[in-house]
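Each remark here refers to the structure printed beneath this line.
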Amino acid sequence: MQFPESWLREFCDPPLTTAALAELLTMSGMEVEETRPVAPPFTQIVVGEIVAAEPHPNADKLRVCMVNAGAHSPNGPLQVVCGAPNARVGIRVPLALVGATLPPAKDGDPPFKIAVGKLRGVDSFGMLCSARELKLSDDHGGLLELELELDAPVGADVRGVLQLDDTIFTLKLTPNLGHTLSVYGVAREVSALTGSALKTPRIEPVQPVHDQRLPVDVLAPDLCGRFSGRIVRGVNPQAATPAWMVDRLARCGQRPVTALVDISNYVMYEYGRPSHIFDLDKIHDKLIVRWGRVDNGKGESLTLLNGNTIEVDGTVGVIADSQGVESLAGIMGGAATAVGDATQNVYVEAAFWWPEAVAGRSRRFNFNTDAGHRFERGVDPATTVEHIERITALILEICGGQAGPMDDHIVALPERKAVTLRVARAAKVLGLPLTQAECADVFSRLKLEHVERDGVIVVTPPSWRMDLVIEEDLIEEVMRVIGLHRLPNTPPTAAISARPQPEAQRGANALRHAMAGLGYQETISFSFVEERTEHDLAGNADPIRVLNPIAAPLSVMRSSLLGSLITVLKTNLARKATRARIFEIGRVFKRDATVGDTLSTVAGVHQPMRLAGLLYGSNSSLQWGEAARSADFFDAKGDVQALLGSRPAQFAADKHPAMHPGRCARVTIEGVLIGHVGELHPRWRQSYELPQATLLFELDLDALMHRPLPAFVPLPKQQAAIRDLALVVSRRVLHDDLIASITADPAALVQSATLFDIYQPAQPVAGMDASERSLAIRLELLDDGTTLTDERIDAAVAAAIERARSACGARLRA
């Protein structure tokens, strides 16, 4: 929100300096992001009137002007050489006298000083200035012509004439302060904060000259609560916007367009009321306020004032006529009914659009408007007629015409629900003593209707304060009006002690360091993703949808981190990266009817934390000591095992929507599934245009954060015995099943079994089929109580072979 200080002081002029006023606004919740002068410093620039202008004798594009500078030219007009195309007799322009200083052309340059010059043999005693040379705008098309209605006397200081010592305020407002999105709205707050009088100009009703009305049907009360309008006939759309209005709009950051559009914008900045002016002759029969429609899967088409053609569906409000859509409700008008140079009759519209019906619609079409910004925060529904009267009066004053009767359709206005403030609770929340009289005085200054009871004040919010809904809203109003400076600097009285962390629990940062130690880099992604990744990589046909997405592709909440990692990988590949090791720790969102609504949960949504990793490209960075090879399933599995540390995890073949059906394993600990590891499915590798195989894993963060406590075991007193076996098994036998059968020793002699070689013949050999393989396993046997004998060792090995035969069909290789 940007506006000039002088405009604000016309409504409320407190006895405060500019700096003090900025501090007051900031400390009351309306943060002043910037204050800057309208124009940078310059000196000795006065109003000059061109009384003669002759072509330069030695240059085609220059003119020799005689300029009357009033008291600054006592000996007659000054001779000034000028090259501006609009230099002509009769206009008043800024004149920089000899000795004047102009703003520097670039930041860091010294000011430009005017001296007596000679251009092509002709003396020049000064310089006529453009708006760009005074740093008022970027317009360099000619001299800055001073309008006669500015009452600019010849010789007067330009700074005073144009009010260039004015200050422009830029406010950074929070979404709940929609009532301050106008100069009058800010002035109303300043009046309450300072006690200075608020000047509210009386808006006199315009008497109708004709009785023509435009029929209006409001078919969607959940879209539009009030729709007001009137016809003005015989306007002059080519009338010039007055200089005072152009100046104020420019200082609000708004470029002038045409008189009709400028009037609408001016009232929006003045009172916070967005409005729209239709070309009446382009409307067919009547206006219809409704939601958009979809026919055979295709929405209605609308070309907007900005030139964009959009398609609206049933969730977007529109203003239509009998033939089609004409305007995007509360956001932007359509090109078909826009006013132009040939416009003769107009329809002025002001409405109350429900904030929920406007919010997010602009971003859906990738643009934002001042009207949408205000309507989605809430605009006063009680003043539509009053503001149309203001717009009508300005149209008649500037563009002429004849006004018709007011047409006001009240459908459904917001209910003004009373809010109760408990004085004792306000004092407790704010931490300072408050009296009921102080709170009541705040509400009186804010023009809030209230009723006092014993220790309680019941407030009925006015129509322009849609943000006052709960008790905490009223407490905030009390605090910001009485002043944040009253808050006591009270240190906490409770003892502060660190919460001890269980030794068996490690933090997420420890896992981040562990992943970094394995060569991974952390990524951070949005929790909302493209719907396609949820369908493809998570198998989620019903993801949780975002009601107001920041961008159309980011429309659903993720139930897996894998889609986010694939998106990051594609970004890296687009920048010619050949190798990636990335991971993310983040929250996922799944539907779960068993989850209740608590302080840390949302009903129906399970939100666990996950850790996911991705490997792509070569297994190691480029170096001479190791042959390059692409990362494979076992590299990813090894990283998962390293992350789990000493925890006994089991890996077994499984299926996952994102992973290769033959190169995917589930990860379990003590029979509990904690995640999956595997290679990206070839279908998704092709679909996402990934040149090489991609390895992925995703694990439950809580399971990873748990770690077993160290258990100290004395060193064995006896020597272990080592025996090697070559067992022939079917290729379908899993490694974990075979090792589990061998180590399931009731006598507890077999301490460990380790696979150290695999032989898989391509063709049948003696004693082996092509469907079999030979696994070389080393057994470690130990009895810490006594020395093992050959007989006991042989018996233990034979028992292990028998267990492997019974469980897995294994046999000793001949």
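Of the solvent-accessible surface of the chain, computed with a 1.4 Å probe over protein heavy atoms with every protein chain present, carbon and sulfur atoms account for 52 percent. Here the sum of -39500 (n - 2.57) over DSSP H runs of 4 or more residues, divided by the residues of the chain, equals -7000 deg cm²/dmol at 222 nm, to the nearest 500. Gyration tensor analysis over the Cα atoms of the stretch 468-583 returns equivalent ellipsoid semi-axes of 41, 27, 15 Å (largest first, whole Å). Computed over the stretch 312-402, the percent of Cα pairs more than 22 Å apart is 37.
Accessible surface for the chain, divided over its residues, is 50 Å² per residue with a 1.4 Å probe. The angle between the Cα long axis of helix 471-482 and the longest principal axis of the Cα atoms of the chain comes to about 50 degrees, rounded to the nearest 10.
Taking every pair of alpha-carbon atoms in the stretch 183-223, give the share separated by more than 12 Å as a whole percent.
Values: 624 of 820 pairs.
Counting pairs separated by more than 12 Å, the tail of P(r) holds 76 percent.
Which order do the peptides 437-445, 176-184 take when ranked by the mean count of other beta-carbon atoms within 10 Å per residue, highest first? Provide the component values of the computation, followed by the final result.
Numbers: 437-445: 17.3, 176-184: 22.3.
Answer by packing, highest mean first, reads 176-184, 437-445.
Placing unit charges on the Cβ atoms only, positive for Lys and Arg and negative for Asp and Glu, gives the chain a dipole magnitude near 1660 debye about its Cα centre. Beta bridges per DSSP, both residues in the chain: antiparallel share near 95 percent.
Cross-link reach is defined here as a Cα-Cα straight distance under 23 Å, omitting same-chain residues fewer than 8 places apart; for residue 61 the lysines meeting it are 118. Here the Karplus curve 6.51 cos²θ - 1.76 cosθ + 1.60, taken at θ = phi - 60°, turns the phi angles of the stretch 25-39 into couplings of 4, 5, 6, 9, x, 9, 4, 7, 6, 7, 10, 8, x, 4, 9 Hz, with x standing for Gly and Pro.
The H on the amide N of residue 213, modeled in the peptide plane, is under 5 Å from the matching H of no residue at least 5 residues off or on a different chain.
Projecting the Cα atoms of 741, 760, 786 onto the charge dipole of the stretch 721-802 (Cβ charges, centred on the Cα centre) puts 760 farthest toward the positive pole. The spacing between the stretch 15-39 and the stretch 142-208, judged by their C-alpha centroids, is 15 Å. About its Cα centre, the dipole of the stretch 673-758 is roughly 200 debye, where the only charges are +1 on Lys and Arg Cβ and -1 on Asp and Glu Cβ. For the chain, the Kirkwood estimate of hydrodynamic radius, built from reciprocal distances between every pair of different alpha carbons, is 34.7 Å.
Sorted largest first, the spans of the alpha carbon positions of the stretch 158-247 along the three principal axes are 47, 38, 24 Å. Its relative contact order, with pairs defined as Cα atoms under 8 Å and 6+ residues apart, puts the stretch 331-456 at 18 percent.
To the nearest ten degrees, helix 562-574 and the longest principal axis of the Cα atoms of the chain are 70 degrees apart. Return the lysines within reach of residue 428: Cα separation strictly under 16 angstrom, same-chain partners fewer than 8 residues apart disregarded; answer none if there are no such residues. Once the sequence-local lysines are set aside, nothing remains near residue 428.
Magnitude of the Cβ-charge dipole of the stretch 1-141, K/R +1 and D/E -1, about the Cα centre, nearest 20 debye? Show your work: numbers first, answer last.
Working: 12 positive and 16 negative charges, 164 e Å.
It comes to approximately 780 debye.
Taking a ≥ b ≥ c as the square roots of the Cα gyration tensor eigenvalues, the stretch 364-416 comes out oblate, since a/c reaches at least 1.5 and a/b does not exceed b/c.
Rounded if a/c is under 1.5, else prolate if a/b beats b/c, else oblate: with a ≥ b ≥ c from the C-alpha gyration tensor eigenvalues square-rooted, which is the stretch 261-382? Oblate.
Which angle from 0 to 90°, rounded to the nearest 10, does the C-alpha axis of helix 508-517 make with the longest principal axis of the chain? Taking the Cα atoms of the chain, the angle to 508-517 is about 70 degrees. I'd like the distance between the alpha-carbon centres of the stretch 611-655 and the stretch 319-357, rounded to an integer number of Å. What the calculation gives is 61 Å, centre to centre. Taking a ≥ b ≥ c as the square roots of the eigenvalues of the Cα gyration tensor, the stretch 54-192 is classed as prolate, since a/c reaches at least 1.5 and a/b is larger than b/c.
The values are calculated or read from the model by the stated rules, or taken from the named source; none is laboratory data. Predicted model only: the values in this text are computed from it and were never measured. As a convention, Cβ positions derive from the backbone with ideal geometry for all residues, glycine included, and neighbour counts pool all protein chains shown. Please note that ligands, DNA and RNA were not included when accessible areas were found on the heavy atoms of the full protein model with its side chains. Shrake-Rupley method; radii C 1.70, N 1.55, O 1.52, S 1.80 Å.
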